[in-house]
1. Which entry is the computed mean projected area of the Cα convex hull in nm² for this structure: (i) 10.1; (ii) 6.6; (iii) 9.7?
2. Just give me a number: lysine pairs in the range 6-107, eight or more positions apart or cross-chain, with C-alpha atoms less than 30 Å apart.
3. Once you charge only the Cβ atoms, +1 for Lys and Arg and -1 for Asp and Glu, what is the size of the charge dipole of the range 6-107 about its Cα centre, to the nearest 20 debye?
4. Send over the Kirkwood Rh of the range 23-71, from the inverse of the averaged 1/r over different Cα pairs, rounded to one decimal Å.
5. Need the full-extension length gain, Gln95 to Gln64, defined as separation in residues times 0.36 nm minus the C-alpha distance. One decimal, nm.
Amino acid sequence: MKEYNPNDAIEFIFKTAPEYAKAKGELAQLETFKHSLKAIKMAQADGASIAAKEMEAYRSPEYQELCKAIGQATEIAEKLKWQLTAAQMRFQAWQTESANNRFIEKATQ
């Protein structure tokens, strides 16, 4: 394994964590607004039944745009999550390699 500086992983996690938190917050906000938008669109719909109003709400351009935004926010949050996970794994691999190297050093002395 090549020489690796564990501080790189720690620095990446430190710098990326706020961005990940922001992405997760935006995703949660969009998910919550989805219910409000559905209710607003159902109230504006002309249909007589609840099912007809719900169908109108779901097919509204605003609702469809919100669903796209949720998809994009999910993509950003997941990308950041896995980048953070990879950085944690790099640090853990470095820890294991360092422990193994110490063990080999002790065993060969």
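Read-outs: derived from the displayed coordinates by stated rules, not from any lab. Nothing here was measured: the structure is a model prediction, and the numbers come from that model. Here the Cβ is made from the backbone with ideal geometry for all residues, glycine too, and neighbour counts use every protein chain on show.
1. (iii)
2. Going through the range 6-107 pair by pair, I get 29.
3. Computed about the Cα centre, the dipole is about 180 debye.
4. On the way: mean 1/r = 0.0906 Å⁻¹.
Final number for the Kirkwood radius of the range 23-71 is 11.0 Å.
5. Full-extension gain reported as 6.5 nm.
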